[in-house]
Amino acid sequence: MLAMFFWAFVIGGLICVIGQLLFDVAKLSPGHTMSVLVTAGAVLSGLGLYEPLVNFAGAGATIPITSFGNSLATGAMQEVQRHGIVGVLTGMFEVTSSGISAAIIFGFIGSLLFKPKG
């Protein structure tokens, strides 16, 4: 059990280090960094490499933003098998709709409760 926590921490930390390096070394904006990490998760999922990472690292691979790309790609691939090319769009949104909805709702509540800067 302790090894599971250790590897989740290490893998999740490495994903965060990659994101920090994109900020500091590549001088990418937060939006660009997020896009790179989501795309990397989707590509790794498409190549069949992200699921073994999830099995190995658990929450270390499912909590960072790369798992959103994994969810998008996995949902799209599942729905393409069932519904053809239309499944690309429907699958992505079917799998991730609860997370997207939660982000919108909590973002709206946060904007009502706090004074936004900018």
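The values are calculated or read from the model by the stated rules, or taken from the named source; none is laboratory data. Worth saying up front: this structure is predicted, and the values here are computed from it rather than measured. Neighbour counts run over all protein chains shown; Cβ positions are idealised from the backbone, glycine included. In case anyone asks, the SASA skips ligands and DNA or RNA and just uses the protein heavy atoms, side chains included. Shrake-Rupley method; radii C 1.70, N 1.55, O 1.52, S 1.80 Å.
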**Cα shape, region 1-70, gyration tensor, a/c 1.5 rule** = oblate
**Message:** Using alpha carbons only, how many angstrom separate the centre of region 63-118 from the centre of region 1-31?
**Reply:** 21 Å
**Message:** Which of ALA61, ALA26, ALA76 ends up with the largest GNM mean-square fluctuation for the chain, with Cα atoms connected below 10 Å?
**Reply:** ALA26
**Request:** Just subtract the alpha-carbon distance of VAL86 and LEU2 from 0.36 nm times their residue separation and send over the number in nm, one decimal.
**Result:** 25.9 nm
**Message:** From the protein chains alone at 1.4 Å, what is the descending order of accessible area for LYS115, LYS27, largest first?
**Reply:** LYS115, LYS27
**Prompt:** So what does ILE85 come to for accessible area, using a 1.4 Å probe and Å² rounded to 10?
**Reply:** 140 Å²
**Message:** Which of rounded, prolate or oblate describes the chain when judged by the alpha-carbon gyration tensor and an a/c cut-off of 1.5?
**Reply:** oblate
**Message:** Tell me whether region 40-105 comes out rounded, prolate or oblate; compute the Cα gyration tensor, take square roots of the eigenvalues as a ≥ b ≥ c, and use a/c under 1.5 as the rounded threshold.
**Reply:** oblate
**Message:** Suppose a student asked you for the relative contact order of the chain, using Cα pairs under 8 Å spaced at least 6 residues apart; what percent would you report?
**Reply:** 22 percent
**Asked** What chymotrypsin sites (Phe, Trp or Tyr not before Pro) does region 46-118 have in DSSP loop regions with at most 16 other beta carbons within 10 Å?
**Response** PHE114
**Item:** Gain in span if fully extended, LEU28 to PHE9, counting 0.36 nm per residue against the direct Cα distance
**Value:** 4.4 nm
**Request:** Compute the FRET efficiency between LEU21 and PHE56 as 1/(1 + (r/R0)^6), taking r as their Cβ-Cβ distance and R0 = 22 Å, and round to the nearest 0.05.
**Result:** 0.50
**Asked** Tell me, what is the per residue accessible area of the chain in Å², probe radius 1.4 Å?
**Response** 69 Å²
**Prompt:** So, with +1 on the Cβ of K and R and -1 on the Cβ of D and E, and no other charges, what is the size of the charge dipole of the chain about its Cα centre, to the nearest 20 debye?
**Reply:** 340 debye
**Complete:** By the DSSP-based rule, helices of the chain that are at least 30 Å long along the axis (C-alpha) and have a mean Kyte score of at least 1.6 are 2-24
